[in-house]
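Working notes, structure below.
The values are calculated or read from the model by the stated rules, or taken from the named source; none is laboratory data. Values in this document were obtained by computation on a predicted structure and should not be read as measured data. FYI the Cβ positions are ideal-geometry reconstructions off the backbone, even for glycines, and counts take in every protein chain you see. Accessible surface is based on the protein model in full, side chains and every heavy atom, while ligands, DNA and RNA are left aside. Shrake-Rupley method; radii C 1.70, N 1.55, O 1.52, S 1.80 Å.
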Amino acid sequence: MRFLPVTALIFVAAAVGGWAGGARSAPRAPAEPAAEFAREPSWSLPQPRDVRARVEKSLDGRPPAEAAARQRLDETWAAVAAGRGDILDAVIESIAAREPPAAAMVASMARNVTPDASWLDEPQVDTFLRDAVRLWWGRELVRRDRFDEALPLLGGLDPTASVDPATLLFHRAACQHWLLDADGAIESLDRLLEREEQLPARYARVARLLRADAAGIDRDSLDHIARRMRDVGRRLELGRMGAGTRELQDGVVESLDKLIKKLEEQRQQQEQGGGGGGGGGSAQGGEGKPMDDSRVAGGKGAGDVQNRDIGAADGWGNLPPHKREEALQQIGREFPPHYREAIEQYFKRLAAGGEER
């Protein structure tokens with residue numbers, strides 16, 4: 001199974017010309033959907049004029065304070081209606097023009113600073129407005145590779161009541177795919193593709209690729225381990241060195257231990273199997289002659305096996321350098337070269353990211 005560069009696909013889809021709620025400049029001819037997606041759509045794409053009216057209602061009809069801001073909003077919504085703008089950007093611009101806390105959130109995200117969103121939990125904030133801001137915030141986090149922060153925001157939103165259900169389903173699926181929730185990703189992508197014929201071609205193709213990749217993820221494979229390593233690297237680059245990252249690291253080391261043990265057992269079985277099929281030993285019964293099947297092998301030991309106490313010290317799963325190199329060599333012999341490169345990069349990131357274990 002290959003690596004699928006999720007963020008690259010997202011930016012190909014989202015940065016080239018607006019997301020499904022906005023630019024629709026590449027219409028697709030209606031096609032017969034695949035059997036697994038042939039069902040009545042559970043959501044619909046809202047019309048820009050209806051979304052704007054709902055936004056205005058949630059803001060109590062308050063106009064922006066400045067005439068220039070009102071003119072900019074009119075131009076923004078006109079572009080959305082003409083298929084040249086992004087509906088979610090228009091929504092957040094409309095909200096930020098009336099709500100200073102929302103404007104502060106937009107400014108913070110532009111500086112890549114975690115915004116203060118406590119105002120969204122205030123009881124007087126309209127539910128529609130709250131969900132729209134959370135959708136925008138989740139999308140911006142996904143664009144910054146902060147999937148584990150975005151998913152809690154996007155996971156609780158209802159596509160049937162969203163200002164931009166396609167954006168919601170796509171970015172939720174991107175989070176689930178990256179965080180290896182294959183079942184969740186497939187469910188979100190299936191719902192997105194219920195309206196495949198109404199999506200721009202580039203988004204439908206990306207969704208199809210994500211779904212195929214999610215369906216092929218094997219939890220017991222080295223590919224799955226390498227994906228978790230990639231997520232650990234992402235977290236370290238973002239400065240996330242807390243309990244969640246340490247738990248992921250422990251899981252990676254445990255999975256590597258199991259994989260190395262499995263490879264060693266396979267190698268031993270191959271060596272033992274090869275030793276019994278030679279037949280080319282000495283005719284005089286020397287050391288090279290295999291034992292006859294009818295003979296009972298004698299042994300000098302008592303046959304007892306002692307359990308080894310590996311202890312409970314923290315860091316038990318850290319491989320010594322020579323063992324680590326041995327594991328890399330074994331994996332290099334058994335698997336394609338890019339797996340060894342992924343594991344080497346993982347250990348380098350751990351060394352550079354601090355000894356938080």
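Specify the residue that is most open to solvent (accessible area, probe 1.4 Å); the eligible residues are those in segment 61-84 that are assigned to a helix (DSSP H, G or I) and of a type in the set (D, E).
The initial filter retains those residues of segment 61-84 that are assigned to a helix (DSSP H, G or I), namely 67-81.
Those still in the list that are of a type in the set (D, E) too: 74-75.
On the way: D74: 81, E75: 107 Å².
Filtering first and then ranking leaves E75.
Does A110 count as closer than 22 Å to R172 by Cα, open to solvent by 10 Å² or more (accessible area, probe 1.4 Å) and among the small types (G, A, S)?
On the way: closer than 22 Å to R172 by Cα: yes; open to solvent by 10 Å² or more (accessible area, probe 1.4 Å): yes; among the small types (G, A, S): yes.
Taking the combined requirement at face value, the residue satisfies it.
Output the number of residues of segment 62-89 satisfying the condition of being in contact with a Leu (Cβ under 8 Å, 6 or more places away or on another chain) and touching a residue at least 40 places away in the same chain (Cβ under 8 Å). Lay out the reasoning, then the answer.
The first filter runs over segment 62-89 and keeps only residues in contact with a Leu (Cβ under 8 Å, 6 or more places away or on another chain), leaving 64, 88.
Applying the additional criterion that residues be touching a residue at least 40 places away in the same chain (Cβ under 8 Å) yields 88.
Final tally of qualifying residues: 1.
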Among the numbered conditions (1) buried (at least 17 other Cβ atoms within 10 Å of the Cβ); (2) modelled with pLDDT of 95 or more; (3) under 26 Å from A226 (Cβ atoms); (4) of a type outside the set (D, E), tell me where P152 comes up short. (1)
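Would a scan of segment 96-103 turn up a residue that is assigned to a helix (DSSP H, G or I) and either within 27 Å of the chain's Cα centre (by Cα) or at positive phi (or both)? Can you show your working first?
We begin by selecting, within segment 96-103, every residue assigned to a helix (DSSP H, G or I); these are 96, 100-103.
If we keep only those that are either within 27 Å of the chain's Cα centre (by Cα) or at positive phi (or both) as well, we get none.
Scanning segment 96-103, I find no residue that is assigned to a helix (DSSP H, G or I) and either within 27 Å of the chain's Cα centre (by Cα) or at positive phi (or both), so the answer is no.
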Residue set R240, R230, R246, R235; condition closer than 30 Å to E149 by Cβ and at pLDDT below 80; output residue R240
Per the list (1) touching a residue at least 40 places away in the same chain (Cβ under 8 Å); (2) surrounded by fewer than 17 Cβ atoms within 10 Å (Cβ to Cβ), residue check on P100 breaks on (1)
Which one of these does I87 not meet: (1) among the β-branched types (V, I, T); (2) at pLDDT below 90; (3) buried (at least 20 other Cβ atoms within 10 Å of the Cβ)? (2)
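Can you go through L179, L168 and tell me which one is free of Cβ contacts under 8 Å to residues at least 60 places away in the same chain, among the aliphatic types (A, V, I, L, M) and within 16 Å of W43 (Cα to Cα)? If you could, list the steps in order and put the result at the bottom.
Details: L179 fails: within 16 Å of W43 (Cα to Cα).
The match here is L168.
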Residue that is farthest from Q249 (Cα to Cα) [pool: residues in segment 191-229 that are among the basic types (K, R) and open to solvent by 60 Å² or more (accessible area, probe 1.4 Å)]: R205
